[in-house]
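J.: Sharing a structure, written as structure tokens. Questions coming.
The values are calculated or read from the model by the stated rules, or taken from the named source; none is laboratory data. Nothing here was measured: the structure is a model prediction, and the numbers come from that model. Cβ sites come from the backbone with ideal geometry, for glycine too, and all protein chains shown count toward neighbours. These accessible areas exclude ligands, DNA and RNA; they are computed on the full protein's heavy atoms, side chains included. Shrake-Rupley method; radii C 1.70, N 1.55, O 1.52, S 1.80 Å.
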Amino acid sequence: MKDALVRTVAASLQASGLDRQSRIAVGLSGGIDSVVLLHLLRRGLRISPQRLSATHVNHQISVHAVVWASQCRRYCRELGVRLKVAKVDVERGNSTEAAARDARYAVFAFGGADVIALAHNRDDQAETVLLQLLRGAGPRGLAGMPAYRVGVPSLWRPLLDTPRSAIEAYARRHRLVWVEDDSNQDRAYLRNFVRHDVLPLIGRKVTGAGAVLARAAQIGRAHV
């Protein structure tokens, strides 16, 4: 019997209507989510290396960036997947996180893939909805991230309805190795403050708060 996460990704692949010949590049940070996603596509769905590749963006922000890139190279060699490593210059300012995201997406746009597979999960979606609410976003912003967005390249998030705990369990079952970005603990970033302090506090009063927020985004996407 296939692993539950493999079935989840397979169902998402079918729902997205991706062509069987589409070239898919995984946005591989080296963190647990993207490491699991690449494993699911290569070992779980057995997508061929002719169609599947990975892209790692070195933002040159962390002192550990070179180590993370090396880990991604080792992992892709193990899976037999081609890896592109790109260095970018990130402008420091009011939102380093946003600037890094923009630089990353610029690399994806010119990578030659038809589809970029991103490893955002249900917890990320819940955080995004809450952040958008705090920023005064309208209906489109509160709809969160789409599971699939047509474009050049298209964006595909097959784990968007999967809780982070299920991804962690998969990584442990398959004894995967990943890197830990120390900036993910820095509460100076609003997303980290929401992740580590706000959502857990809400969760003490509202059971399954993260799932509720993610479901609200799903409902919202059906109306925008």
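J.: Would you confirm, using the coordinates I've provided, whether residue 141 is open to solvent by less than 40 Å² (accessible area, probe 1.4 Å) and free of Cβ contacts under 8 Å to residues at least 24 places away in the same chain?
T.: Yes, satisfied.
J.: Of all residues in the stretch 16-28, which are under 26 Å from residue 87 (Cα atoms) and either modelled with pLDDT under 95 or assigned to a helix (DSSP H, G or I) (or both)?
T.: Matches in the stretch 16-28: 22 only.
J.: Out of all the residues in the stretch 181-210, which are within 18 Å of residue 120 (Cβ to Cβ) and either at pLDDT 95 or above or not hydrophobic (A, V, I, L, M, F, W, C) (or both)?
T.: If the condition is that a residue be within 18 Å of residue 120 (Cβ to Cβ) and either at pLDDT 95 or above or not hydrophobic (A, V, I, L, M, F, W, C) (or both), then 181, 183, 184, 189, 191, 192, 195, 196, 210 are the ones that fit.
J.: Follow-up question, since we're still on this one. Tell me, which residue of the stretch 112-138 that is of a type in the set (A, V, I, L, M) and under 13 Å from residue 213 (Cβ atoms) is surrounded by the fewest Cβ atoms within 10 Å (Cβ to Cβ)?
T.: Only one residue fits best here, namely 134.
J.: Here's something else I'd like to know. Give the stretch 59-83 a look and list any residue that's surrounded by 17 or more Cβ atoms within 10 Å (Cβ to Cβ) and assigned to a strand (DSSP E or B), or say none.
T.: Listed by number, the list holds a single entry, 83.
J.: Where the second residue is charged (D, E, K, R) and part of a helix (DSSP H, G or I) and the first is closer than 16 Å to residue 164 by Cβ and lies in the stretch 203-216, which pairs have Cβ atoms under 7 Å and are six or more apart or on separate chains?
T.: From the stretch 203-216, the pairs are 210/122; 210/123; 211/122; 214/122.
J.: Now, a different point. May I ask you to verify whether residue 13 is assigned to a helix (DSSP H, G or I) and either within 21 Å of residue 182 (Cβ to Cβ) or open to solvent by less than 20 Å² (accessible area, probe 1.4 Å) (or both)?
T.: In short, no.
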